[in-house]
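Below is one structure, written out as structure tokens; the observations come after it.
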């Protein structure tokens, strides 16, 4: 029995290793290019996100919020979002709601507070899932082109795209710094319960100490990248209308994009109709 517990705890620790976390983050950012959502035009996705990212904040109707939540949940499944991202989403949203409900009961509330808390949860969950859907389905180039088409400054759209491209390098640099700290230090034994607590504190301390050299090394690489872009005429290309037109020529609205908008509009219309009848 004791050996079974050790194997189970070891398998759980293996799943939450640094390689696993890096794989999940990179999968969510780059591994969804073959999904239905990724095949859509970025302009359509950004307009869709603008609706589901703003409208739920100003609506308190429960059937409408529930219908919007179900729709964005379906799109999240179609985008094949990484399991770690969904786990963190569920943990953050629903634990916060449970915390507020417990505090409400402690300070004299009753079961009638469930409806307002449910409304708040649906709002936050809908907006969060819409964000996860869009930014999981857009690669850096598509996101940059979509923002540029809507009139965002070239430097802003490029900065967002560059942040996406920096993500693999950032994860790799963080792992290198973390391993260097582990090689120069001695981890405490974690055979007993007290040893496991000390080992956990040791891991947290190493992670906290890794952030400063991580930012320093990343800044050095970023400077090299900026200098390379300047040598290739990036600043001139960002202000040239011909270059901008060539870059945006790849955008094209297809029948699948129109079908996606039509289904979303029909779903919202049915939700509003049900809300009116109720």
| Can you pull out the residues in segment 251-277 that are exposed (fewer than 11 other Cβ atoms within 10 Å of the Cβ) and in a loop (DSSP other than H, G, I, E, B)? | 252
| task | Just give me the residues in segment 167-185 being modelled with pLDDT under 75 and loosely packed, with under 14 Cβ neighbours inside 10 Å, in sequence order. | result | 185
| Only one of (1) modelled with pLDDT under 80; (2) under 16 Å from the mean Cα position of the chain (by Cα); (3) more than 30 Å from residue 249 (Cα to Cα) is not met by residue 138, so which one is it? | (3)
| query | Does residue 153 satisfy the condition of being in contact (Cβ under 8 Å) with a residue 24 or more places away in the chain and either in contact with a helix residue (DSSP H, G or I) (Cβ under 6 Å, 6 or more places away or on another chain) or not assigned by TED's automatic domain parsing to the domain that holds residue 76 (or both)? | reply | no
| For residue 210, are the conditions met, namely being part of a helix (DSSP H, G or I) and out of contact with any helix residue (DSSP H, G or I) (no Cβ under 6 Å at 6 or more places or on another chain)? | no
| Is there a residue being modelled with pLDDT under 75 and outside any helix (DSSP H, G or I) anywhere in segment 215-238? | yes
| task | Answer with yes or no whether residue 147 is within 22 Å of residue 219 (Cβ to Cβ) and either in the same structural domain as residue 218 (by TED's automatic domain parsing) or surrounded by 13 or more Cβ atoms within 10 Å (Cβ to Cβ) (or both). | result | no
| message | Show the residue pairs meeting these rules: Cβ distance below 6 Å; 6+ apart or different chains; first residue within segment 76-101 and on the phi > 0 side of the Ramachandran plot; second residue assigned to a loop (DSSP other than H, G, I, E, B) and modelled with pLDDT of 75 or more. | response | 80/35
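Matching residues to (1) touching a helix residue (DSSP H, G or I) at 6+ places or on another chain (Cβ under 6 Å); (2) in a helix (DSSP H, G or I); (3) assigned by TED's automatic domain parsing to the domain that holds residue 124:
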site: 69; (1), (2), (3): yes, yes, yes
site: 77; (1), (2), (3): no, yes, yes
site: 81; (1), (2), (3): yes, no, yes
site: 86; (1), (2), (3): no, yes, yes
| query | Residues in segment 118-128: is at least one in contact (Cβ under 8 Å) with a residue 40 or more places away in the chain and surrounded by fewer than 15 Cβ atoms within 10 Å (Cβ to Cβ)? | reply | no
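The values are calculated or read from the model by the stated rules, or taken from the named source; none is laboratory data. What you see is a predicted model, and the numbers here were worked out from it, not measured in a lab. We place every Cβ from the backbone using ideal geometry, glycine too, and count neighbours over all the protein chains shown.
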